[in-house]
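Peer 1: I have a structure here, written as structure tokens, and I will follow up with some questions on it.
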Amino acid sequence: MDVKTRSSCGAKMEREEERMELKRGAWTVEEDFKLINYVSIHGEGRWNSLATCAGLKRRGKSCRLRWLNYLSPDVRRGNITLEEQLLILQLHTRWGNRWSKIAQHLPGRTDNEIKNYWRSRVQKHAKQLKCDVNSKQFQDTLRYQWMPRLIQRIGAPLPPSSSSDSIGNQVSSLTDFTDYYNHGDDTDFSFLQHQFNFN
């Protein structure tokens, strides 16, 4: 966005901010279209002025999150793959809930998407097992049951990749603890309750 457009829009923003009531809740197709068009012409950044200049009755933070988490062409669509699940588990054991840092290793995935995966899948299984997600028992469950199963479903052991930053290469480093393969689907954790006595 050029300087002249930003300065004229800034005065407009101050006047309109007092008059308009900000919208909350779900975004409409029209709002998405306005945001996409504005960002494609003027670029990302200065989200508060962008919201007003684009004619959106939203806060700048809402526009930024909508763009970064849903509308940006860099966002990868679809379910998280088995390889990505495995990498998330590995990186979480190393860095904990540092979602942005984990997202840097998963091109096209947002920190919000990774956090949602963790909370909807992993924490749900911890609750089913009646243990804390940060407990040693659950960490052992991840390391010796869940991760090896994912590796098995992927078709591990994976050959080393020629690219050091590829997901396949990062996942292949997990084969250190794949001696404990089990059978079945990774979403069935009932056998773990018996094996680790989570009652």
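The values are calculated or read from the model by the stated rules, or taken from the named source; none is laboratory data. Note that this is a predicted model, so its numbers are computed, not measured. Counting neighbours? That spans all protein chains shown, and the Cβs are built from the backbone with ideal geometry, glycine included.
Peer 1: Taking the stated definitions as given, is residue 48 assigned to a helix (DSSP H, G or I), under 20 Å from residue 109 (Cβ atoms) and either out of contact with any Phe, Trp or Tyr (no Cβ under 7 Å at 6 or more places or on another chain) or of a type in the set (S, T, N, Q) (or both)?
Peer 2: So residue 48 does not fit the description; no.
Peer 1: Within the range 98-129, can you find the residues that are among the polar types (S, T, N, Q), surrounded by 13 or more Cβ atoms within 10 Å (Cβ to Cβ) and farther than 19 Å from residue 68 by Cβ?
Peer 2: Across the range 98-129, the qualifying residues are 123, 128.
Peer 1: While we're on this one: I'm told residue 132 meets every condition in (1) modelled with pLDDT of 85 or more; (2) within 22 Å of residue 97 (Cα to Cα); (3) surrounded by 14 or more Cβ atoms within 10 Å (Cβ to Cβ); (4) of a type outside the set (Val, Ile, Thr) except one. Can you identify the failing condition by its number?
Peer 2: (3)
Peer 1: Quick test for you: out of 130, 57, 61, pick the one residue that is assigned by TED's automatic domain parsing to the domain that holds residue 32, among the charged types (D, E, K, R) and not in a helix (DSSP H, G or I).
Peer 2: Just a single option satisfies the conditions, and that option is 57.
Peer 1: Do you know which residues across the range 80-96 are in a loop (DSSP other than H, G, I, E, B), within 12 Å of residue 117 (Cα to Cα) and over 11 Å from the mean Cα position of the chain (by Cα)?
Peer 2: Hit for the range 80-96 is 81, nothing else.
Peer 1: List the number of the failed condition for residue 165; all other conditions in (1) under 29 Å from residue 67 (Cα atoms); (2) at pLDDT below 50; (3) surrounded by 14 or more Cβ atoms within 10 Å (Cβ to Cβ) hold.
Peer 2: The number of the failed condition is (3).
Peer 1: Of the numbered conditions (1) at pLDDT below 50; (2) part of a helix (DSSP H, G or I); (3) touching a helix residue (DSSP H, G or I) at 6+ places or on another chain (Cβ under 8 Å), residue 137 fails exactly one; give the number of that condition.
Peer 2: Tallying (1) at pLDDT below 50; (2) part of a helix (DSSP H, G or I); (3) touching a helix residue (DSSP H, G or I) at 6+ places or on another chain (Cβ under 8 Å), residue 137 fails exactly one: (1).
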